[in-house]
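See below for the structure under consideration.
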Amino acid sequence: MNTSKEHYTFELSNKVTRQKISFKNRYGITLSGDLYLPKNTGTEKLSALAISGPFGAVKQQSSGLYANQMSERGFIALAFDASYTGESSGEPRNVASPDINTEDFSAAVDFLGLQKNVDRNKIGIIGICGFAGFALNATAIDKRVKAVATTSMYDMTRVMSKGYYDATTLEQRSQLLEQLGQQRWKDAENGKPANGSRNLPESLKGDEPQFVKEYFDYYRTSRGFHTNSVNSNGAWLVTNPISFMNMPILTYIKEISPRPILLIAGENAHSRYFSEDAFKMANEPKELLIIPNAVHVDLYDKVDVIPFDKLDAFFKEHLK
């Protein structure tokens, strides 16, 4: 596996240029991004996309691949590392927040709207996996976003607070909150937050759930490994779930309307129900696209499976 921090998990298109940029969010955190620009575009202002995810990934992985592909199709695309992760700033490291990660998208819109070659009235968002939920939340609150698409969506607030398929009982939830409260005292006493267990193991034993094996196949192999990625190489803080436990980020999804939503999920993805439920909650215009035979991580990097032509058509129709 390539352990260089400069490593990208995909090849840069010869139709695209990539430049490193940075911008600050409303909380003063400096976000690190890559701006993808189509070559030979002339002086016309272009439509732009802010792209991030999956949860625990970095811009050299899926979001950069998406930005590369969409820039090939004529969009200016910004892939960025979330606050507290990757090359973005924020201390302590490897912590997430439904509020701050939602803000990260709006800060990316700030940056894009200041670029002379961007039409600030034609800005959209793509959110992948856990950042799909934040993308929907950002679009609901930020009227500057004209269209939003998600792939392999997770609602991180739902899965952390209720478990997969909402299976966590009130007793289990209460027990977890008790443990998290006790951990806060330990962290306060030690003067720093404790790291949790690794997101993915060094190797598989073979009895893991299928979706864990699929994550491993992406994050822990040469296919998608990146040394900066929490999922490839690290752990979230033990107390990371706290802010997710009582902050449902899809509460205002209906307010995205009349701006359009495109939700894309794999037919065999363990996460498919998140997209289906978000689709039911949202108002028109909305579309749910199920990719035959695909699993969750297929939509991270398989360019023959990810419907980039559909994403292209969706944003060209609605960013006008």
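Quick notes on this one:
- Cβ pairs under 8 Å, 6+ apart, first in region 158-175 and farther than 16 Å from ARG272 by Cα, second among the hydroxyl-bearing types (Ser, Thr, Tyr) and part of a helix (DSSP H, G or I): THR168/SER161; ARG173/SER161
- Members of region 58-89 found to be of a type in the set (Gly, Ala, Ser), assigned to a loop (DSSP other than H, G, I, E, B) and buried (at least 20 other Cβ atoms within 10 Å of the Cβ), listed by number: ALA82, SER83, GLY86, SER88
- Near pairs, Cβ below 9 angstrom, 6+ apart or cross-chain, from region 1-22 (under 11 Å from TYR36 (Cβ atoms)) to any residue that is open to solvent by 60 Å² or more (accessible area, probe 1.4 Å) and of a type in the set (S, T, N, Q): LYS15/ASN40
- Residue count for region 23-53, restricted to those that are in contact with a helix residue (DSSP H, G or I) (Cβ under 9 Å, 6 or more places away or on another chain) and not in a loop (DSSP other than H, G, I, E, B): 15
- In region 113-125, the residue that is most open to solvent (accessible area, probe 1.4 Å) out of those that are touching a helix residue (DSSP H, G or I) at 6+ places or on another chain (Cβ under 6 Å) and either of a type in the set (S, T, N, Q) or within 17 Å of LEU37 (Cβ to Cβ) (or both) is ARG120.
- Number of the condition not met by ALA48 [criteria: (1) modelled with pLDDT of 95 or more; (2) closer than 28 Å to SER197 by Cα]: (2)
- Every condition in (1) touching a residue at least 24 places away in the same chain (Cβ under 8 Å); (2) open to solvent by 40 Å² or more (accessible area, probe 1.4 Å); (3) farther than 27 Å from PRO307 by Cβ is met by SER222 except one, and the failing one is (3).
- Flag for GLN175 being in a helix (DSSP H, G or I) and buried (at least 17 other Cβ atoms within 10 Å of the Cβ): no
- Candidates ALA167, ALA140, filtered to the one that is under 30 Å from SER47 (Cα atoms) and of a type in the set (A, V, I, L, M, F, W, C): ALA140
- Test: PHE55 is aromatic (Phe, Trp, Tyr), in contact with a Phe, Trp or Tyr (Cβ under 7 Å, 6 or more places away or on another chain) and either open to solvent by 30 Å² or more (accessible area, probe 1.4 Å) or modelled with pLDDT of 95 or more (or both): yes
- Residue within region 143-157 that is open to solvent by less than 60 Å² (accessible area, probe 1.4 Å), among the polar types (S, T, N, Q) and either more than 24 Å from ASN268 (Cα to Cα) or free of Cβ contacts under 8 Å to residues at least 60 places away in the same chain (or both) present: no
The values are calculated or read from the model by the stated rules, or taken from the named source; none is laboratory data. Since this is a predicted model, take the numbers as computed values, not measurements. A quick note on method: Cβ atoms are made from the backbone with ideal geometry, for glycine too, and the neighbour counts reach across all protein chains shown. Heavy atoms of the whole protein, side chains included, go into the accessibility calculation; ligands, DNA and RNA do not. Shrake-Rupley method; radii C 1.70, N 1.55, O 1.52, S 1.80 Å.
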